[in-house]
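Following: one structure in structure tokens, then a few remarks.
The values are calculated or read from the model by the stated rules, or taken from the named source; none is laboratory data. What you see is a predicted model, and the numbers here were worked out from it, not measured in a lab. When we count neighbours, we look across all protein chains shown, and the Cβ atoms used for this are built from the backbone with ideal geometry, even at glycine.
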Amino acid sequence: MTLNERRLGDRILAALELALEQKHLEVAEHLARALEETLTRFGGPDAVDHRELSAGMVQAFERLESLRRSEHRLP
């Protein structure tokens, strides 16, 4: 296990990627919300998060949006 894999956000991202591969939209939605929560939990409720999303996170959120459109038959 690498240092990055020990962070909660990295583990949630890996689970999100697996849910997307398996086209399990409901689980992917929950994991995406959990990932967003891990990204914003530091600094308190009024803090502004200045961290940029990793390329992997951006790709996962794009894949989630694509799965949403596919499942709901949207263009």
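Tell me which residues, restricted to segment 53-64, are at pLDDT below 95 and surrounded by fewer than 12 Cβ atoms within 10 Å (Cβ to Cβ).
Once the filter is applied, which keeps residues that are at pLDDT below 95 and surrounded by fewer than 12 Cβ atoms within 10 Å (Cβ to Cβ), segment 53-64 yields Ala55, Val58.
With respect to His50, determine if the residue is surrounded by 13 or more Cβ atoms within 10 Å (Cβ to Cβ) and either over 22 Å from Leu18 (Cα atoms) or at pLDDT 75 or above (or both). Talk me through it step by step, then tell me what you get.
Working: surrounded by 13 or more Cβ atoms within 10 Å (Cβ to Cβ): no; either over 22 Å from Leu18 (Cα atoms) or at pLDDT 75 or above (or both): yes.
When the stated conditions are applied, His50 does not pass them.
Give all pairs with beta carbons closer than 7 Å in which a residue from segment 1-16 that is closer than 15 Å to Phe61 by Cβ meets a residue that is β-branched (Val, Ile, Thr) and modelled with pLDDT under 95; count only pairs at least 6 apart in sequence or on separate chains.
Gly9/Thr38; Ile12/Thr38
Filter segment 24-47 for residues that are surrounded by 11 or more Cβ atoms within 10 Å (Cβ to Cβ) and in a loop (DSSP other than H, G, I, E, B); which is modelled with the lowest pLDDT?
Arg41
With the requirement that a residue be in contact (Cβ under 8 Å) with a residue 40 or more places away in the chain and not in a helix (DSSP H, G or I), what does segment 59-75 give you?
Of everything in segment 59-75, nothing turns out to be in contact (Cβ under 8 Å) with a residue 40 or more places away in the chain and not in a helix (DSSP H, G or I).
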